[in-house]
1. Out of 191, 221, report the one residue that is part of a strand (DSSP E or B), under 30 Å from residue 255 (Cβ atoms) and within 24 Å of the chain's Cα centre (by Cα).
2. Mind checking which residues of segment 42-54 are buried (at least 16 other Cβ atoms within 10 Å of the Cβ) and touching a strand residue (DSSP E or B) at 6+ places or on another chain (Cβ under 7 Å)?
3. Please go through (1) in contact with a strand residue (DSSP E or B) (Cβ under 6 Å, 6 or more places away or on another chain); (2) surrounded by fewer than 22 Cβ atoms within 10 Å (Cβ to Cβ) for residue 87 and return the number of the only condition it doesn't satisfy.
4. Taking the conditions exactly as written (surrounded by 15 or more Cβ atoms within 10 Å (Cβ to Cβ), assigned to a loop (DSSP other than H, G, I, E, B) and modelled with pLDDT of 95 or more), does residue 155 satisfy them or not?
5. Please indicate, with yes or no, whether at least one residue in segment 205-215 is more than 19 Å from the chain's Cα centre (by Cα) and closer than 30 Å to residue 284 by Cβ.
6. Could you tell me whether residue 365 is touching a strand residue (DSSP E or B) at 6+ places or on another chain (Cβ under 6 Å) and either surrounded by fewer than 17 Cβ atoms within 10 Å (Cβ to Cβ) or not in a helix (DSSP H, G or I) (or both)?
7. Would you be able to tell me the number of residues in segment 200-213 that are part of a loop (DSSP other than H, G, I, E, B), at pLDDT 95 or above, surrounded by fewer than 18 Cβ atoms within 10 Å (Cβ to Cβ) and touching a strand residue (DSSP E or B) at 6+ places or on another chain (Cβ under 7 Å)?
8. For residues that are closer than 13 Å to residue 329 by Cα and either at pLDDT 95 or above or not in a loop (DSSP other than H, G, I, E, B) (or both), tally how many sit in segment 33-52.
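The values are calculated or read from the model by the stated rules, or taken from the named source; none is laboratory data. Just so it is clear, the model here is predicted, and its values are computed rather than measured. Counting neighbours? That spans all protein chains shown, and the Cβs are built from the backbone with ideal geometry, glycine included.
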């Protein structure tokens, strides 16, 4: 399988059949008949959700890439004159600070955002004059006392999957994956100190994606070979049992199994990498909204096509709770869906009316 570099951007929600009801509040009298799936406010009244209009005060539309709290985020927007792409920190009051700007002439991309609570790190990609992409790793202190710093330009042939774990911070180092220049069947695990310096490179046989440290997981949903989960510290690999009719994507804790029949998908299951605790979570109408499986080891983000008219998005966004074994409707009319570091966010509205909604999944107790 050919792995493309910088497969980065929002995932449009092509989203699960309304599932079981969960966490209904108690009543002294019999509750009214539930005519649809439980909604977020019913299931988790204390959930923290922030609403962020896409339009910035200077005009352009803003796209968040990492939330620090439900109203504060890191994201991108073009400059008002359209000549540059900007990396911004946007505050709860709508004000923003520019961290970086890159000329549109180089088809710039910012991606791989990750933070350890003190340091923010990201990747920047621009096209050279000959059209080849050049990638650099950058970092900034979230306190904002110092300007952003380049960590390295020695990044290799970077692999991003639009995952929460495209880049990982561990023990004062930034880690990412790249395709080996020697073979597409070797994945390089690269890292650099958060202060900058020399890059270390460790080759791993196979095609891998980064996951929660110290794990790697198979890239490609088992389409090109066995599905595996690998601990790179203990040097231990678990092979996941799959069949020819299943597309399997794993985290260290859970695997999402899409069962395919001759006429198309039939259902989605979750199971442990060793095959234990397998259970159905959605039917044929389901589609995963994220590449990451069971975020926080608890929530699978799903959706389906709704019933709204053609003049607006008709996608519905659902959250399957592994602990409670039930499904909650989060939103309708959804456009883009993304997740990182405990925050799930999605867009609604069209053109100048787009709004971003950020849900802190850690508040869903």
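1. The unique qualifying residue is 191.
2. 43, 47, 48, 49, 50, 52, 54
3. Failed condition: (2).
4. Judged against the criteria, residue 155 is a match.
5. For segment 205-215, residues more than 19 Å from the chain's Cα centre (by Cα) and closer than 30 Å to residue 284 by Cβ: present.
6. Judged against the criteria, residue 365 is not a match.
7. Of the residues in that region, 1 qualify.
8. Of the residues in that region, 6 qualify.
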